[in-house]
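Values in this text are rule-based calculations from the coordinates and carry no lab data. It should be emphasised that the depicted structure is a prediction, and the values quoted were computed from it without experimental measurement.
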Amino acid sequence: AQYPKKTHFVTASAHIRRNHQNKGIMILDPSRWNIEHVTEIDAPIDDVWLVLININDWNWNAWTRLDAPSATTGVSGKLRASFDGDGTWTTYDFRFREVDNDKHLIEWGGSVAGGMLFKGRHSMRLEEIKPGTTRLMHVEEFGGLLPAFGAGLPYRKLDRNYRLMNEALKAHVERR
């Protein structure tokens, strides 16, 4: 069973405010277009984790590739995104923020102009629901000026793609 997806889109106008401490200057607060998908996988958590952490063999995933020497906290690499899942790739710099085998967490992120224009924090975390059943929580939070105005990335396609990634991981692991 798949849990209902939770997707949150926030418009830029909700984040423009007058800051009296800054003498009435209009300030654009960081805005986020958050995406969250939760999927139940009929497989032991360690089996799902081994597939997820093996970033050099994400052939089950037509939408995202993480090109790095290893999935290790602090390691940098290139994220390749295929927004239409058709093998046409756009490349971005990223760094693993946290990879924790005990928490079953892999988190990476990237930014443009120190996060002022754009920043993204992407995570995939596993929880054991019961022996042989795993919950995948797949989340991305966006911030900066570009997401505040809905620019920088095709956010609705990303929302769809992360759901499709979850479904593809589920199908791949459950076939093993």
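Per-structure values
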| quantity | calculated |
| --- | --- |
| Relative contact order %, region 28-176, counting alpha carbon pairs below 8 Å whose residues are six or more apart | 31 percent |
| Descending Cα extents along the principal axes, region 61-176, whole Å | 44, 30, 26 |
